[in-house]
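Participant: If you scroll down you'll find the structure; I have some questions about it.
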Amino acid sequence: MTKPILLTCGDPAGIGPEVAQKAWDETRDAVPFVWIGDPRHLPLDMPFEIIDDIGQAHKTAATAMPVLRHDFANPVIAGKPDFANAQGIIDVIARGVGLVKSGAACAICTSPISKSVLQIGAGFEHPGHTEYLAALDGGKDVVMMLASDQLRVVPTTIHIPLENVPFALTADLLERTIRITQDALQAQFGIACPRIAIAGLNPHAGEDGRMGEQEQTLIRPLLDRLRAQGFDLRGPLPADTMFHARARAQYDVAICMYHDQALIPIKTLDFDTGVNVTLGLSFVRTSPDHGTAFDIAGQNAANPSSTLAALKLAAQLGNAHDHH
């Protein structure tokens, strides 16, 4: 029997609890998961059952959403984040990671958090979820992938101003990004020889230096060196011609140079079911590709598609990871 997935509560004032229950209602025991959080934070209209042991998830999931109880300081008002609950949100993530690292679960799927709530309410010192997970995993070097059925993308630089990208983009960073991506595609996605497309930084991939030099001085020499080691790398490619259907058929992942270069194409192609996957951890972690959506919390308006996709991908990767 496959192990269940852990689904963290995220910020309980956001749409996390609502989409968790909607996701359970659509999957039941087909994709068994255990929600970790305070039962008081769940909407009242769907059945849940508090379990002591996550091994009970399969049995319970057929008729009610399995819940691993984690008490928070306060009840919740939808749409109104409570700084007193910030430490509980952080503790749930740490507890989930501990359980998946112990082998009790096959993967962790994290619901959205608000970094500002955690920083103000609990002195959270990490730039975000991903960096906290890397720290809990012993300081692993990680990269962020956005994945859907139509496209997988990895941004090399992530949450920094555009003007800082040329300075942050080093050969060392790009090489680590390529290596971590290749390893994860082999180990978790089961792709023996990943075909990796690499975007240029500048328009037309620099056009032989007329529109920028990074392709000639940094990107191309690195790709040539890695190709000599057996990597299947395409590029540097002009980003404006990489993402139409015929081009996408030629590669398994696109590595881009900055945030929007990677995220605009995937969000245009597949806004509702893109999944955030952290590569480089010792365990499988996925997350829906949206925020806490405090503005629509508690209105039964949240779309569970991204959480459903994140749970399904967690199950697929987690079971492959377990057997690896």
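The values are calculated or read from the model by the stated rules, or taken from the named source; none is laboratory data. Everything numeric in this text was worked out from a predicted model, so none of it was measured. Using ideal geometry, Cβ is built from the backbone for each residue, glycine included, and neighbour counts are taken over all protein chains shown. We work out accessible area using only protein heavy atoms, side chains counted, and drop any ligands, DNA or RNA first. Shrake-Rupley method; radii C 1.70, N 1.55, O 1.52, S 1.80 Å.
Participant: Yes or no: G88 modelled with pLDDT of 95 or more and either touching a Ser or Thr at 6+ places or on another chain (Cβ under 7 Å) or of a type in the set (S, T, N, Q) (or both)?
Facilitator: The answer is no for G88.
Participant: OK, next. Being in contact with a Gly (Cβ under 7 Å, 6 or more places away or on another chain) and part of a strand (DSSP E or B) is true for just one of I113, I108. Which residue is that? Can you show your working first?
Facilitator: Values: I113 fails: part of a strand (DSSP E or B).
Just a single option satisfies the conditions, and that option is I108.
Participant: How many residues, within segment 243-255, are more than 20 Å from C193 (Cα to Cα) and either acidic (D, E) or touching a residue at least 24 places away in the same chain (Cβ under 8 Å) (or both)?
Facilitator: Residues in segment 243-255 being more than 20 Å from C193 (Cα to Cα) and either acidic (D, E) or touching a residue at least 24 places away in the same chain (Cβ under 8 Å) (or both): 1 in total.
Participant: Sticking with this one: Check whether at least one residue in segment 305-315 is hydroxyl-bearing (S, T, Y), outside any helix (DSSP H, G or I) and either open to solvent by less than 30 Å² (accessible area, probe 1.4 Å) or modelled with pLDDT of 95 or more (or both), and report yes or no.
Facilitator: As a first pass, look at segment 305-315 and keep what is hydroxyl-bearing (S, T, Y): 305-307.
Cutting the leftovers down to outside any helix (DSSP H, G or I) gives us none.
No - not one qualifying residue is present in segment 305-315.
Participant: If you don't mind, another one. In segment 49-91, what count of residues is obtained for those that are in contact (Cβ under 8 Å) with a residue 24 or more places away in the chain, assigned to a helix (DSSP H, G or I) and surrounded by 13 or more Cβ atoms within 10 Å (Cβ to Cβ)?
Facilitator: 12
Participant: Output yes when any residue across segment 219-232 is modelled with pLDDT under 95, open to solvent by 50 Å² or more (accessible area, probe 1.4 Å) and either touching a helix residue (DSSP H, G or I) at 6+ places or on another chain (Cβ under 6 Å) or not hydroxyl-bearing (S, T, Y) (or both), and no when none is.
Facilitator: As a first pass, look at segment 219-232 and keep what is modelled with pLDDT under 95: none.
No, that holds for no residue.
Participant: Do we have M46 as open to solvent by less than 50 Å² (accessible area, probe 1.4 Å), assigned to a loop (DSSP other than H, G, I, E, B) and out of contact with any Cys (no Cβ under 8 Å at 6 or more places or on another chain) here? Talk me through it step by step, then tell me what you get.
Facilitator: Values: open to solvent by less than 50 Å² (accessible area, probe 1.4 Å): yes; assigned to a loop (DSSP other than H, G, I, E, B): yes; out of contact with any Cys (no Cβ under 8 Å at 6 or more places or on another chain): yes.
For M46, the condition - open to solvent by less than 50 Å² (accessible area, probe 1.4 Å), assigned to a loop (DSSP other than H, G, I, E, B) and out of contact with any Cys (no Cβ under 8 Å at 6 or more places or on another chain) - is met.
Participant: Let me ask another. Return yes or no: is A94 assigned to a loop (DSSP other than H, G, I, E, B), at pLDDT 95 or above and open to solvent by 10 Å² or more (accessible area, probe 1.4 Å)? It would help to see each step written out before you state the result.
Facilitator: On the way: assigned to a loop (DSSP other than H, G, I, E, B): no; at pLDDT 95 or above: yes; open to solvent by 10 Å² or more (accessible area, probe 1.4 Å): yes.
In short, no.
Participant: So which of I196, I191 is within 22 Å of G280 (Cβ to Cβ), in contact (Cβ under 8 Å) with a residue 24 or more places away in the chain, open to solvent by less than 70 Å² (accessible area, probe 1.4 Å) and touching a Lys or Arg at 6+ places or on another chain (Cβ under 9 Å)? It would help to see each step written out before you state the result.
Facilitator: Numbers: I191 fails: touching a Lys or Arg at 6+ places or on another chain (Cβ under 9 Å).
Among I196, I191, only I196 is within 22 Å of G280 (Cβ to Cβ), in contact (Cβ under 8 Å) with a residue 24 or more places away in the chain, open to solvent by less than 70 Å² (accessible area, probe 1.4 Å) and touching a Lys or Arg at 6+ places or on another chain (Cβ under 9 Å).
Participant: Do we find that N164 is open to solvent by 50 Å² or more (accessible area, probe 1.4 Å) and under 18 Å from D260 (Cα atoms) in this structure?
Facilitator: Numbers: open to solvent by 50 Å² or more (accessible area, probe 1.4 Å): yes; under 18 Å from D260 (Cα atoms): yes.
Here the answer is yes, as N164 does meet what is asked.
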